[in-house]
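Input: a single structure, listed below in structure tokens.
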Amino acid sequence: MINLVTAIALIVIAFAVSGALFGWIAFRMGVNYRKKVAEAEIGSAEEEAKKIVNDALRDADTKRKETIIEAKDEIHKLRTDADREIKERRAEVSRQERRIAQKEESLDKKMDNLESKENQLQQKLKSAEDRLQEAEAIKKEQIDSLERISGLTAEQAKEQLLDSLQEELTHEKAVKIANYEQTLKEECEEKAREYISLAISRCAADQVAEATVSVVNLPNDEMKGRIIGREGRNIRAIETLTGVDLIIDDTPEAIMLSCFDPVRREVARIALEKLIQDGRIHPTRIEEMVEKARREVEQRIKAEGERAVMETNVHGVHHEIVKLLGRLRYRTSYGQNVLNHSIEVAYLSGIMASELGVDANIARRAGLLHDIGKALNHEIEGSHVEIGVEVCRKFKENPVVIHAIEAHHGDVEIKTVYDALIMAADALSAARPSARRENLESYIKRLEKLEEIANSYDGVEKSFAIQAGREIRIMVRPEDVKDERMVVIAREIANRIENELDYPGQIKVHMIRESRAIDYAK
């Protein structure tokens with residue numbers, strides 16, 4: 001049994017040794033095979049690399065040769081171009097040289113001609129001087145002869161002649177002015193009086209000027225303290241939200257509102273009255289009331305603009321212009337409400353246009369819009385005429401209407417009948433009794449300026465501005481101013497008043513010359 005196991009073990013060992021030996025032999029054979037395969041691949045790769053390198057060298061050599069050839073061609077081309085340009089420049093230089101030579105030759109000829117002409121001119125000048133001296137001598141002899149004959153010197157004769165001529169010209173000018181004015185009056189006065197009187201009679205106008213200061217009445221003086229608030233917070237809130245200054249002084253049961261913008265002043269007035277009625281005055285409530293008042297004023301502005309358009313029968317007005325018309329409800333000029341003034345001008349210009357046989361719709365439209373710039377002249381720089389023209393151009397108004405707006409104060413030349421109608425209607429509306437007012441200081445300055453203009457003329461003895469500055473009477477010295485000269489002085493004074501003063505309506509210049517002869521019977 002033991003021998004059998006040993007024999008089997010030996011057999012197994014023998015098989016194991018044989019398998020190991022066979023495996024080692026197979027491994028060595030595989031290694032040798034792979035080595036041969038790798039060496040073969042390396043050899044083929046080296047050959048391929050050598051082939052690639054050789055091809056690259058051949059391509060590089062070919063490229064180099066091509067580049068050299070192209071460079072030579074480019075060099076040849078550049079050289080050819082340079083040679084051609086050099087030839088052209090040499091040819092141009094040659095032409096310039098020939099031209100300069102020709103000019104030099106021409107200048108030499110001209111200089112020779114000038115020298116010869118200068119010599120001739122010198123001779124002529126010398127001859128002219130001789131003749132001039134001879135003429136002066138003859139003139140002096142003649143003047144001496146005339147002075148001996150007339151008994152006057154040359155200066156005295158000249159002054160006498162100028163004085164005589166001045167008197168003749170003054171007389172002729174005065175006569176022509178008087179005849180021209182008389183002709184115009186005869187032709188135009190009757191019709192103008194008829195048209196204007198008809199327009200005024202058909203226009204019902206307000207006689208009361210509006211106040212320009214807003215005053216809020218208080219139920220008691222204790223309300224002033226509540227409006228001011230603790231440490232002034234309420235009054236600061238009101239002024240900040242409305243842009244209006246509140247003037248609280250010793251005036252009993254009243255507060256004054258001051259602001260350059262009448263719309264803001266109206267918002268503040270309405271808001272303050274609502275706060276007084278409500279009784280609850282604090283910053284939050286003030287903000288609510290100011291907002292309500294602002295909305296209410298905007299609604300009033302829109303309604304007033306629509307009312308103006310409907311009353312004047314002007315259609316197709318842009319809605320923004322309607323709002324601006326409504327803002328004129330809160331604008332005054334010399335105490336006259338601008339919106340009512342614009343409506344009145346529209347009525348007057350429409351009536352006069354109908355009488356003259358021109359389009360009354362255009363006249364009413366121009367009359368209604370002529371002062372539209374006053375709604376914005378607190379916010380935009382420029383006169384109300386310039387602002388009104390820009391606004392109407394922006395909203396595509398009729399060019400005839402725009403020119404009438406531009407010309408209604410005489411800033412530009414009158415071109416159409418509508419320009420003259422608007423100027424006349426504007427003057428009528430402003431100049432009627434109780435239509436406008438001005439403060440005492442500006443009124444006195446205007447009167448003083450009137451008298452100053454009149455007194456600045458020679459021969460004026462005294463002048464008096466009367467009838468609230470609508471007439472100036474000028475007393476002249478009869479020995480210094482003749483009758484025909486008075487017409488000229490009156491015209492010159494009227495022109496200076498038109499150019500230097502701003503005034504409503506018209507001013508009458510009344511010249512008075514009085515001669516008195518006094519004697520005594522003894």
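So which residues in segment 238-266 are part of a helix (DSSP H, G or I), without any contact (Cβ under 8 Å) to a residue 60 or more places away in the chain and either touching a Gly at 6+ places or on another chain (Cβ under 8 Å) or among the charged types (D, E, K, R) (or both)?
Glu239, Arg264
Residue-by-condition table, conditions (1) modelled with pLDDT under 85; (2) β-branched (Val, Ile, Thr); (3) over 18 Å from Ile227 (Cβ atoms):
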{"residue": "Arg280", "(1), (2), (3)": "yes, no, no"}
{"residue": "Val290", "(1), (2), (3)": "no, yes, no"}
{"residue": "Arg294", "(1), (2), (3)": "no, no, yes"}
{"residue": "Arg300", "(1), (2), (3)": "no, no, yes"}
{"residue": "Arg307", "(1), (2), (3)": "no, no, yes"}
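Scanning segment 391-427 for residues that are in a loop (DSSP other than H, G, I, E, B) and basic (Lys, Arg), which turns out nearest to the chain's Cα centre (by Cα)?
Here the answer is Lys396.
Tell me, please, whether a residue that is hydrophobic (A, V, I, L, M, F, W, C), open to solvent by 10 Å² or more (accessible area, probe 1.4 Å), part of a helix (DSSP H, G or I) and closer than 21 Å to Thr240 by Cα can be found in segment 277-287.
No: segment 277-287 contains no residue that is hydrophobic (A, V, I, L, M, F, W, C), open to solvent by 10 Å² or more (accessible area, probe 1.4 Å), part of a helix (DSSP H, G or I) and closer than 21 Å to Thr240 by Cα.
Of everything in segment 380-430, what is in contact (Cβ under 8 Å) with a residue 60 or more places away in the chain and farther than 22 Å from Gly350 by Cα? Give them in sequence order.
Within segment 380-430, Val391, Phe395 qualify.
Give Thr284, Thr332 a once-over and let me know the one that is hydroxyl-bearing (Ser, Thr, Tyr) and without any contact (Cβ under 8 Å) to a residue 24 or more places away in the chain.
When all the criteria are applied, what remains is Thr284.
If I go through segment 481-503 residue by residue, how many of them are outside any helix (DSSP H, G or I) and aliphatic (A, V, I, L, M)?
So the count comes out to 2.
Name the single residue, out of those in segment 240-267 being under 19 Å from Lys374 (Cβ atoms) and aliphatic (A, V, I, L, M), that is modelled with the highest pLDDT.
Val267
Residue by residue through segment 485-522, note down the ones that are open to solvent by 60 Å² or more (accessible area, probe 1.4 Å), touching a helix residue (DSSP H, G or I) at 6+ places or on another chain (Cβ under 8 Å) and closer than 19 Å to Glu172 by Cβ.
Arg485, Arg491
Do you know which of the residues in segment 331-390 that are hydrophobic (A, V, I, L, M, F, W, C) and in a loop (DSSP other than H, G, I, E, B) is most open to solvent (accessible area, probe 1.4 Å)?
It comes out as Ile380.
The values are calculated or read from the model by the stated rules, or taken from the named source; none is laboratory data. What you see is a predicted model; the values in this text were computed from it and never measured. Note that we place each Cβ from the backbone using ideal geometry, even for glycine, and neighbour counts take in every protein chain shown. Each accessible area value is taken on the protein alone, full model and side chains, heavy atoms only, with ligands, DNA and RNA left out. Shrake-Rupley method; radii C 1.70, N 1.55, O 1.52, S 1.80 Å.
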